[in-house]
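Undergrad: Mind looking over this structure? Questions follow.
The values are calculated or read from the model by the stated rules, or taken from the named source; none is laboratory data. Please read these numbers as outputs of a predicted model, since none were measured by experiment. Every residue, glycine among them, receives a Cβ derived from its backbone with ideal geometry; neighbour counts consider all protein chains shown.
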Amino acid sequence: MIAVVRAGAEAGTAFNPILAMIVVPLVGAAVVALVPRVRAEAARQVATIAAALSGGLSIYLLTEFHRGEAGFQFVQRAAWAEDLGIGWHVGVDGISLFLIVLTGILFPLAILGVRPEHDPKPYYAWMLVLMAGSMGVFVALDLVMFFFFFEIVLVPMYFLIGLWGHGDRVYAATKFFLYTMFGSALMLVGIVATAVLHQRATGGPLTFDLVEIATGQEIGTGAARWIFASFALAFAVKVPLFPLHTWLPDAHTEAPTAGSVILAGVMLKLGTYGFVRFGLYLFPEAAHFFAPVLLTLGVVGILYGAFCATVQKDLKRLVAYSSVAHLGFIVLGTFSLTNQGITGGVLQMVNHGITTPALFLLVGMIYERRHTRQIDELVGIQKVAPIFAGVFTLVMLSSIGLPGLNGFPGEFLALIGAFKGARWWAVVAASGVIFAALYLLWAYQRSFHGTPDEANRSFRELRLGEALVLAPLCVLIVFLGLYPKPMIDRIEPSVQELVRHIGQHDPTVDIEDVPAPGPLAGAEEGGH
Amino acid sequence: MLADVTRVLQALPPSVAPTAPEPEPASIVPEVAWSSLTPVLILFGGAVVGLVIASLLRRALPRSVAALWTVGVAVAALVSVFPLWGRVGNPAEGPASLVSGALAFDRFSLFATALLCVAVVFAALLADGYLRREDLEGPELYALLLLAAVGGAVMVSANDLIVTFIGLEVLSISTYVLTAMHRRRVSSQEAGLKYFVLGAFSSAFLLYGIALVYGATGGTNLLHVQTFLSENLLDDDYLLLAGLAMLLVGFGFKVAAAPLHMWTPDVYQGAPTPVTAFMASAVKTAAFAAMLRVFVVGFASQSEQWRPVVLTLCVLSLVVGSVAAVVQTNVKRMLAYSSISHAGFLLLGIEAASERGTSSVLVYLAAYTVMVAGSFGVVTLVGRTGDGRHGLDDYRGLARAHPGLALAFAVFLLAQAGTPFTVGFIAKLGVITAVAERGDWWIAAVAMLSAVVSAFLYLRIIVAMYFDGADDHGAPVEGEVPVVSVPWGARVAIGLAVVATLGLGVAPGLVSGPASDAVPEPVAVAEPGT
């Protein structure tokens, strides 16, 4: 493992964009804060440039990423607070790579695509701070550093919801903050416990280094289970898993459009990513022990999210509940603890991060035009705005998981993995795919079909600016649906390594069974 | 038990163990290493000289001079700590005792003294504009601040229980007067009286505790107590236990730990706000540092007796401090309750009774000093003339009227909640790690959960400042927008506090490094010539 890290470090010697990816948005935020209040347009431009720059760096990361390598690349280590055991340790592997790129794409789009209703200056500053935090969370390989970023993203999101949200925004923002903080409070104890127990076992200095602790595996089974539970609670709130999900519909509904975009696209992934990166990697045995619980919660989330989405009257709330369902698939795939399942989960993290933000952008556009999101009050939009309806259909079908669009491969792989690892859960979860079609198509039918009434007759068609924001997402939806291979090629080695790691520490997982490429190839065929 | 004793004896430095300090004959004037006392001397001299000059030239004194003098004195004392810090590191001079075993000259006392100086700087900067606004100008407050710092500095370096008591009284009496400083506010007088009566009561407990410890061990010098208790097994330790309990009551009162916290909300609310800032930062620092030295060093061998009691105080403080704060609507009272909850966190570090526990307490005290000085700095300003506008409603729309001030307050509040990239997180991480090393996972969990409850309280203030001031479309809502004037002193203080809160959060090594060196040492009586 150490050799792998070294190789990665060598690969990153040319130019390591990770620090710049985090710092550039922060500098941007500082510049935005210094822009005079009257020149709001300048604030927007600065924000766009900073976000695009950071996003560009993330794409550079993608192009320089060595395909087929399992270990961490672009590794960077430095001392930070040595007497506390915290070090600056960052790196990227196949699991985090696309989430970073996703962050790099979504933020510029969200900043460009949605203008705040008021106070643009602080709005853009908070967006950039949020971007820096989100970037940091996916690259951190030190437990405390991860916690730093995991927790700090709450603050900008709290202000975004509370200041630029709608309706019951204060309630939603406070609930969001406290729920997430409650989850992570116990995780901090878990993190400290991990480090202390590792130190006791090795006798070395206190360290929070993820790789060091995970490869050491010196924590006793009982303690590891407790610690895993504390991590799982934090991640379950963030995912969110039933029954800890209640903050999500509120936060999503009251948040400004850009807030929902980032919340759905990036922040929900913190939980599922945390499960994969920290839960499974650090505590393989405990992950296996708790897998039935989490699988059950995932399946409950799939069904419950779907049922709730079906009965929603508010379009945005409907999309929010659909996230609960989709994230359930990711958890299902992850805790099948199979190669396909986890790969599917990671794929689905990225694809959900493309589709749902697009849906939120579209719902935001509807709200901008009609000042309502109630499905009852929308009718016949398809007649007045056919292009808009077309884009909506595409994105919606992707969310349903139609083969050929990006929603499919991840969900499919997750289900295959689950079928291999946890058969009966997969059987129940598969029905969730049908429900997704039910609630989305039904909502579409009610609001887009029919004859437009007086209020909807003036529904404006998609403008060029709006189309340009949606275009990259739509291109990705189609491209990744037809040809997910480039992604799978980069994700899979890291996942295989992880599954092997789990297998080493858990005799019940059959290592021989792990790198089975067959179903993956099948997924591609299904995609074509 | 005998094996334990031998081990402890072996652990002690060879020069220390065989020569348990004999009380020096009273007729001999002890040798005083004046240079090692520089910070205390500067503070004391600054107070006396300042007071004399100000009373002689009262009319001619230009504005802000008293505040600047105080800041200068405190900074000078702070600067004088640095060469001493290096000297302690030198093995030849090493940690030693001063004034015939009365004071300990080690990095722990230097670190705590430096914190007290910082607290004085903040309080003086805030007091300048405050006194002018409230029409209370005069040098008394500044002199009392410096004298209180002298008391605190004596307390944190006291190597003898009696000296601890003397320091505590100097600090406390100055603070009683400071609390009642606002002549025209009844609540200030009332708070001063309340603090005095209860404080005197708690001092009596402390003193009685010292007497009982003397009875049990035959001395009040901490080194003597420590060696005596590790060498001897007491047949009958009721006297000692009663003494320990009394000491805990005395210290518990000063650090505002539940259930001895009843005075805190009233006194914090009634005191002039810059004084509250000083109380929360300096008095807590001094009391915690002294408590730590007395218990972790002096009664190290008795830790099995006192740790459960400290643990109880700790859990109660965490719960009371966070839960009771939630129902408050007065910002000063909220911060008072939050200071109780912070006391709970600090007690975690003492309860750990380890090196990491000690350094984490120092880091926490440093963090708390800047966070709380900044917080009460903002409260000082928003209180406006009369120092009475402390309701949550008085903060409505502050972000609109004074974005900088509101942002600073938000930073301090989030830091107190333990948000990463602020020094508040580093502080919490330290104490949590310290108790985790002892294996007390559940108490770490309780502490973190109470932090979530506290976060709700901080969020309420942020909501008032940011969210309640505007409707969904950003238009200001009806009602008065707080218009406050920000004098230069407060501006500097709050600015410094923001820089420190964020800076130490990003570069925690700056404070955690020195703190991990600053372990209190059981120091012997200095040998002649050092």
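Undergrad: Out of the residues in segment A:432-456 that are loosely packed, with under 13 Cβ neighbours inside 10 Å and part of a helix (DSSP H, G or I), which is nearest to the chain's Cα centre (by Cα)?
TA: Going through the qualifying residues, I end up with A:ILE434.
Undergrad: Looking at (1) surrounded by fewer than 19 Cβ atoms within 10 Å (Cβ to Cβ); (2) touching a Leu at 6+ places or on another chain (Cβ under 8 Å), which one does B:TYR364 not meet, given that it meets all the others?
TA: (1)
Undergrad: Out of the residues in segment A:103-128 meeting the condition of being more than 15 Å from A:ALA52 (Cβ to Cβ) and not charged (D, E, K, R), tell me which one is nearest to the other protein chains (Cβ to nearest Cβ).
TA: The initial filter retains those residues of segment A:103-128 that are more than 15 Å from A:ALA52 (Cβ to Cβ), namely A:114-123, A:125-126.
Next, from what is left, pick out any that are not charged (D, E, K, R): A:114, A:116, A:118, A:120, A:122-123, A:125-126.
Details: A:VAL114: 15, A:PRO116: 8, A:HIS118: 3, A:PRO120: 10, A:PRO122: 8, A:TYR123: 10, A:ALA125: 10, A:TRP126: 11 Å.
Among them, the one singled out is A:HIS118.
Undergrad: From the list B:VAL435, B:VAL446, B:VAL431, B:VAL453, which one is surrounded by fewer than 24 Cβ atoms within 10 Å (Cβ to Cβ), within 17 Å of B:ILE350 (Cβ to Cβ) and touching a residue at least 12 places away in the same chain (Cβ under 8 Å)? Step through it out loud before you land on a result.
TA: Numbers: B:VAL435 fails: surrounded by fewer than 24 Cβ atoms within 10 Å (Cβ to Cβ); B:VAL431 fails: surrounded by fewer than 24 Cβ atoms within 10 Å (Cβ to Cβ); B:VAL453 fails: within 17 Å of B:ILE350 (Cβ to Cβ).
Only one candidate qualifies: B:VAL446.
Undergrad: Related question: Go over the candidates A:ILE191, A:ILE219 one by one and state the one that is more than 15 Å from A:PHE150 (Cβ to Cβ) and either more than 8 Å from every other protein chain (Cβ to nearest Cβ) or not hydrophobic (A, V, I, L, M, F, W, C) (or both).
TA: Values: A:ILE191 fails: more than 15 Å from A:PHE150 (Cβ to Cβ).
It is A:ILE219.
Undergrad: Here are some residues: A:GLY133, A:GLY85. Which one is farther than 16 Å from A:THR63 by Cα, within 14 Å of chain B (Cβ to nearest Cβ) and free of Cβ contacts under 8 Å to residues at least 40 places away in the same chain?
TA: Values: A:GLY85 fails: free of Cβ contacts under 8 Å to residues at least 40 places away in the same chain.
Criteria check complete, one pass: A:GLY133.
Undergrad: Just checking, how many residues over segment B:499-517 are surrounded by fewer than 23 Cβ atoms within 10 Å (Cβ to Cβ) and more than 10 Å from chain A (Cβ to nearest Cβ)?
TA: Of the residues in segment B:499-517, 3 are surrounded by fewer than 23 Cβ atoms within 10 Å (Cβ to Cβ) and more than 10 Å from chain A (Cβ to nearest Cβ).
Undergrad: Quick check: anything in segment A:186-195 among the hydrophobic types (A, V, I, L, M, F, W, C), assigned to a helix (DSSP H, G or I) and without any contact (Cβ under 8 Å) to a residue 24 or more places away in the chain?
TA: Residues of segment A:186-195 that are among the hydrophobic types (A, V, I, L, M, F, W, C), as a first pass: A:186-189, A:191-193, A:195.
Now narrow it down to the ones that are assigned to a helix (DSSP H, G or I): A:186-189, A:191-193, A:195.
From what's left, without any contact (Cβ under 8 Å) to a residue 24 or more places away in the chain: A:192.
Yes, segment A:186-195 contains a residue that is among the hydrophobic types (A, V, I, L, M, F, W, C), assigned to a helix (DSSP H, G or I) and without any contact (Cβ under 8 Å) to a residue 24 or more places away in the chain.
Undergrad: As an exercise: evaluate B:GLY219 against (1) small (Gly, Ala, Ser); (2) more than 29 Å from B:VAL315 (Cβ to Cβ); (3) surrounded by fewer than 17 Cβ atoms within 10 Å (Cβ to Cβ) and give the number of the one condition it does not meet.
TA: Of the numbered conditions (1) small (Gly, Ala, Ser); (2) more than 29 Å from B:VAL315 (Cβ to Cβ); (3) surrounded by fewer than 17 Cβ atoms within 10 Å (Cβ to Cβ), the odd one out for B:GLY219 is (3).
Undergrad: Look through A:ALA78, A:ALA33, A:ALA40, A:ALA70 and report the one residue that is without any contact (Cβ under 8 Å) to a residue 24 or more places away in the chain, of a type outside the set (Val, Ile, Thr) and surrounded by fewer than 24 Cβ atoms within 10 Å (Cβ to Cβ).
TA: Values: A:ALA33 fails: without any contact (Cβ under 8 Å) to a residue 24 or more places away in the chain; A:ALA40 fails: without any contact (Cβ under 8 Å) to a residue 24 or more places away in the chain; A:ALA70 fails: without any contact (Cβ under 8 Å) to a residue 24 or more places away in the chain.
Within the list A:ALA78, A:ALA33, A:ALA40, A:ALA70, the selection yields A:ALA78.
Undergrad: Tell me yes or no: at least one residue of segment B:415-423 is under 25 Å from the mean Cα position of the chain (by Cα), of a type in the set (A, V, I, L, M) and more than 9 Å from chain A (Cβ to nearest Cβ).
TA: Pass one, segment B:415-423, residues under 25 Å from the mean Cα position of the chain (by Cα): B:415-423.
Now narrow it down to the ones that are of a type in the set (A, V, I, L, M): B:415, B:417, B:423.
Then keep just the ones that are more than 9 Å from chain A (Cβ to nearest Cβ); that gives B:415, B:423.
Yes, because at least one residue in segment B:415-423 is under 25 Å from the mean Cα position of the chain (by Cα), of a type in the set (A, V, I, L, M) and more than 9 Å from chain A (Cβ to nearest Cβ).
Undergrad: Any residue in segment B:374-395 that is part of a helix (DSSP H, G or I), over 22 Å from B:ALA112 (Cα atoms) and within 12 Å of chain A (Cβ to nearest Cβ)?
TA: Just the residues of segment B:374-395 that are part of a helix (DSSP H, G or I), to begin with: B:374-382, B:392-395.
Filter once more, keeping what is over 22 Å from B:ALA112 (Cα atoms): B:378-382, B:392-395.
Now narrow it down to the ones that are within 12 Å of chain A (Cβ to nearest Cβ): none.
Among the residues of segment B:374-395, not one is part of a helix (DSSP H, G or I), over 22 Å from B:ALA112 (Cα atoms) and within 12 Å of chain A (Cβ to nearest Cβ), which makes the answer no.
Each row is one residue, and each column tells you yes or no for (1) buried (at least 22 other Cβ atoms within 10 Å of the Cβ); (2) of a type outside the set (A, V, I, L, M, F, W, C); (3) assigned to a helix (DSSP H, G or I).
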| residue | (1), (2), (3) |
| --- | --- |
| B:ILE210 | no, no, yes |
| B:LEU239 | no, no, yes |
| B:LEU248 | yes, no, yes |
| B:PRO259 | no, yes, no |
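Undergrad: Right, here's the next one. Within segment A:162-179, restricting attention to residues that are more than 8 Å from chain B (Cβ to nearest Cβ) and within 25 Å of B:GLY505 (Cα to Cα), which residue is surrounded by the most Cβ atoms within 10 Å (Cβ to Cβ)?
TA: Among residues in segment A:162-179 that are more than 8 Å from chain B (Cβ to nearest Cβ) and within 25 Å of B:GLY505 (Cα to Cα), the one surrounded by the most Cβ atoms within 10 Å (Cβ to Cβ) is A:PHE176.
Undergrad: Would you say B:ARG356 is in a helix (DSSP H, G or I), among the basic types (Lys, Arg), at pLDDT below 90 and out of contact with any Lys or Arg (no Cβ under 7 Å at 6 or more places or on another chain)? It would help to see each step written out before you state the result.
TA: On the way: in a helix (DSSP H, G or I): yes; among the basic types (Lys, Arg): yes; at pLDDT below 90: yes; out of contact with any Lys or Arg (no Cβ under 7 Å at 6 or more places or on another chain): yes.
Answer is yes for this residue.
Undergrad: A further question on this structure: Quick one: A:GLU151 ticks every box in (1) in contact (Cβ under 8 Å) with a residue 60 or more places away in the chain; (2) of a type in the set (D, E, K, R); (3) within 7 Å of another protein chain (Cβ to nearest Cβ) bar one, so which box is it?
TA: Condition (1) is where A:GLU151 drops out.
Undergrad: Please go through segment A:325-340 and pick out each residue that is assigned to a helix (DSSP H, G or I) and either under 17 Å from A:ALA232 (Cβ atoms) or without any contact (Cβ under 8 Å) to a residue 40 or more places away in the chain (or both).
TA: From segment A:325-340, those assigned to a helix (DSSP H, G or I) are A:325-335, A:339-340; that's our starting set.
Result: A:LEU327, A:GLY328, A:ILE330, A:VAL331, A:LEU332, A:GLY333, A:THR334, A:PHE335.
Undergrad: May I pose another question? It is to be established whether one or more residues within segment B:96-104 are under 19 Å from B:ARG132 (Cβ atoms) and touching a Pro at 6+ places or on another chain (Cβ under 9 Å). Show your work before the answer.
TA: If we filter segment B:96-104 for residues that are under 19 Å from B:ARG132 (Cβ atoms), which is where we start, we get none.
Looking for residues that are under 19 Å from B:ARG132 (Cβ atoms) and touching a Pro at 6+ places or on another chain (Cβ under 9 Å), one finds none in segment B:96-104, hence no.
Undergrad: Right, something else. Please go through segment A:137-147 and give me each residue that is in a helix (DSSP H, G or I) and buried (at least 24 other Cβ atoms within 10 Å of the Cβ), ordered by number. Steps first, answer last, please.
TA: To start, the set of residues in segment A:137-147 that are in a helix (DSSP H, G or I) comprises A:137-139, A:143-147.
Hits for segment A:137-147 are A:VAL137, A:PHE138, A:VAL139, A:LEU143, A:VAL144, A:PHE146, A:PHE147.
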